[in-house]
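Novice: Got a structure for you, questions after.
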Amino acid sequence: MNIGILGLGTVGGGVVNVLNKNQSEIARRSGASIQVTHAAVRDINQDRICPTDDLQLTQDPFEIVNNTNIDIVLELMGGTGLAKELVETAIKNGKHVITANKALIATHGNELLALAKDNNVHLLFEAAVAGGIPILKSLEQGLSANKIEMLAGIINGTGNFILTEMRDKGRDFADVLKEAQALGYAEADPTFDVEGIDAAHKLAILASIAFGCELQFDKVSTEGISKIEGEDVTFATELGYSIKHLGIAKQIDGKMQMRVHPTLIPKTRLLANVDGVMNAVLVKGNAVGPTLYYGAGAGDEATASAVIADLVDIIKGTVSDDILGWQSFETMPHQTVDEIESIFYLRLLATDKPGVLADITTVFAKHNISVEAVIQKQIDAQNNAHIAIITNQVKTGEINAAVNEIQKNDFIQETVKIIHVETLD
Ligand code: NAP
Ligand code: HSE
């Protein structure tokens, strides 16, 4: 099997290094000797993290997807423009394609998978979700007996790395982001990591495989990590929670919900203790119950591990014709954001005067919201009370309506902060 790689950066370089390092194990497991013969890069003179002596380098990626001697193309460039054109060309030329590009799969996966099926080739993307964790293979194979009820995961390594460093070392956001970029964790456009877009891409892929429906990236409700402030971390800690950036997908009464947002999780949960670049995905099946998958969410060799696992599957011939079972599934209906039920954390800055808490709870009562926990910090120099509240489980539409009403009071001094809470029971 001759392999051509599009992109020899963090992931592409990692693939070449792992293929060299674990040559005999990979040959034993795949039953074949794997040769990476060609690689396309933007700048042929740039230093690489892997040896290139045995590779034919080109600055024209079409040379690879049109090369009749290449059997499998690894798309490790990123982006959804040129990358899509190259993947389509490779598929039409009868080549199997493996990609780590979640943006491409989340936004164009339905049509690309159909094209692969029509051309009788495979399009695999284990590395697109949760770096080195074989979560797609676990869903497709290990959990195939289950109806998946929900999944929740820390699925962006950069975001988790930033949150951990800020919390544990008090480091500055921008400074940690720069380090994540230097380590090769971040996307080419790091706002994808910070604003939750990368996690939303991954969640759309996870949900479609878990629930057996088409990819619906446009239905993911997405919030990034930039809204988390130090005071929220302090309150969360006092209330017994950690704040994590979670992707959550649930199937409730035949409707699906997909959301990515900062989330308070009880400190006792395993997910609350997943730190740094590590990712973890909790999957609940109706037969197996809760299962948890943990590992490096980004980085060269960890991601290469997932790319090469797909390569071994193709070479061994162990990929089914319709690996995801998608071809027979329709678009699954969605809950609207207002319908989604959750527990909420609210943080309020209110003038310290009699009746403030009574006024707040009166609005809650009107919307059928009850208070599970409340903390009020000492009054600050401006005579304001810092208040954190944990509610019961309530529809998002109700909490938003209640907060809008509370916000109108003169005693509220800044925008009320709302963060989801998940007990992950
Ligand atoms: P990267 O380090 O920036 O590498 C991208 C590679 O693509 C570079 O070698 C670049 O060439 C090459 N390239 C870009 N545009 C090109 C063009 N027009 N023609 C030829 N070559 C081109 O990116 P990466 O971190 O490896 O990410 C690659 C893909 O994997 C992305 O889809 C990303 O989302 C995904 N991914 C990354 C990670 C991770 O930990 N980094 C994990 C999972 C998935 P030059 O080197 O010459 O610039
Ligand atoms: N930028 C991504 C992350 C790479 O940090 O999780 C892995 O998909």
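Novice: When a/c is below 1.5 the answer is rounded, else prolate if a/b is larger than b/c, else oblate, so apply that to the range 135-296 with a ≥ b ≥ c taken from the square roots of the Cα gyration tensor eigenvalues.
Specialist: Since a/c reaches 1.5 and a/b is larger than b/c, the shape of the range 135-296 is classed as prolate.
Novice: Just tell me which lysines come within less than 17 Å, Cα to Cα, of Lys316; anything on the same chain fewer than 8 places away is out.
Specialist: The reachable lysines, counting only those whose Cα sits under 17 Å from Lys316, are Lys95, Lys137.
Novice: Can you spot the aspartates and glutamates whose alpha carbon is less than 16 Å from Lys21's alpha carbon? Ignore those fewer than 8 places along the same chain.
Specialist: Answer for Lys21, where 16 Å is the Cα cut-off: Asp53, Asp54, Asp300, Glu301, listed by chain and number.
Novice: Expressed as a rounded percentage, what relative contact order does the chain have, with Cα pairs under 8 Å and six or more residues apart?
Specialist: Value for the chain: 16 percent.
Novice: May I ask you to give the percent of accessible area on the range 2-130 that is carbon plus sulfur, with a probe radius of 1.4 Å?
Specialist: 40
Novice: Let me ask something else about it. What ³J(HN,Hα) values, in whole Hz, does the Karplus curve 6.51 cos²θ - 1.76 cosθ + 1.60 give for the range 258-273 when θ = phi - 60°, with x put for Gly and Pro?
Specialist: Per-residue couplings from phi come out as 9, 8, 10, 6, x, 9, 7, 10, x, 4, 6, 6, 4, 4, 5, 10 Hz.
Novice: Also, I was wondering about something else. With the crude spin-label approximation of a point 7 Å out along Cα→Cβ, what separation in nm comes out for Ala182 versus Glu414?
Specialist: Distance between the two pseudo-spin positions: 3.1 nm.
Novice: Return a whole-number percent for the relative contact order of the range 1-101, with Cα pairs under 8 Å and 6 or more residues apart as the contact set.
Specialist: With pairs under 8 Å counted, the relative contact order is 34 percent.
Novice: Could you order the peptides 46-55, 389-398, 200-209 from most to least packed, using the average number of other C-beta atoms within 10 Å per residue?
Specialist: Most protected by this proxy first, the peptides run 200-209, 389-398, 46-55.
Novice: Let me ask another. Using only the Cα atoms of the chain, what are the Rg and Dmax in Å?
Specialist: Cα radius of gyration and Dmax of the chain are 23.6, 80 Å respectively.
Novice: For the range 340-421, rounded, prolate or oblate, judged on the Cα gyration tensor with a ≥ b ≥ c (square roots of eigenvalues), a/c < 1.5 rounded, else prolate if a/b > b/c?
Specialist: Working: a/c = 1.92, a/b = 1.66, b/c = 1.16.
Note, shape of the range 340-421 comes out prolate.
Novice: May I ask you to order 307-315, 335-343, 350-358 by the average number of other C-beta atoms within 10 Å around their residues, highest value first?
Specialist: The packing order, highest mean first, is 307-315, 335-343, 350-358.
Novice: Label-point separation (nm) for Ala373 and Val233, each offset 7 Å from Cα along Cα-to-Cβ?
Specialist: 1.8
Novice: Please work out the C-alpha center-to-center distance from the range 226-275 to the range 329-350 and express it in whole Å.
Specialist: Going from one Cα centre to the other spans 13 Å.
Novice: Could you please state, rounded to a whole Å, how far the C-alpha centre of the range 39-75 is from the C-alpha centre of the range 397-425?
Specialist: 52
Novice: How many nm separate the modelled label positions at Asn69 and Asp189, each set 7 Å beyond the Cα in the direction of the Cβ?
Specialist: 3.8
Novice: Answer rounded, prolate or oblate for the range 72-211, using the Cα gyration tensor with square roots of eigenvalues a ≥ b ≥ c: rounded when a/c is under 1.5, else prolate when a/b is larger than b/c, else oblate.
Specialist: oblate
Novice: By what distance, in whole Å, do the Cα atoms of the range 2-130 stretch along each of the three principal axes, largest value first?
Specialist: Largest to smallest, the principal-axis extents are 36, 34, 33 Å.
Novice: Defining a contact as two alpha carbons under 8 Å apart and six or more residues distant in sequence, what relative contact order in percent does the range 135-296 show?
Specialist: Averaging sequence separation for qualifying contacts and normalising by length gives 34 percent for the range 135-296.
Novice: Leaving out ligands and nucleic acids, note down the accessible area per residue over the chain with a 1.4 angstrom probe, in whole Å².
Specialist: 42
Novice: What lysines does Lys267 reach when the alpha-carbon gap must be under 25 Å and sequence neighbours fewer than 8 apart in one chain are set aside?
Specialist: Qualifying lysines at Cα under 25 Å: Lys169, Lys202, Lys227, Lys244, Lys250, Lys284, Lys377, Lys395, Lys417.
Novice: Let me ask something else. Just to verify a number: FRET efficiency for Glu25 and Asn45, C-beta to C-beta distance, R0 = 35 Å, to 0.05? Kindly include the intermediate steps, with their values, before the conclusion.
Specialist: On the way: r = 33 Å, r/R0 = 0.95.
Here the calculated transfer efficiency is 0.60.
Novice: Given a 1.4 Å probe and every protein chain left where it sits, what share in percent of the accessible area of the range 340-421 is carbon and sulfur?
Specialist: Summing carbon and sulfur atoms, their accessible area is 48 percent of the total for the range 340-421.
Novice: Sort all Cα-Cα distances of the range 235-318 into consecutive 5 angstrom bins from zero, then give the percent of pairs in each bin up to the one containing the longest distance.
Specialist: 3, 11, 15, 18, 18, 17, 10, 5, 2, 1, 0
The values are calculated or read from the model by the stated rules, or taken from the named source; none is laboratory data. Quick caveat, the model's predicted, so the values are computed rather than measured. Neighbour counts run over all protein chains shown; Cβ positions are idealised from the backbone, glycine included. For the accessible areas, the whole protein counts, side chains as well, though only heavy atoms, and no ligand, DNA or RNA atoms are used. Shrake-Rupley method; radii C 1.70, N 1.55, O 1.52, S 1.80 Å.
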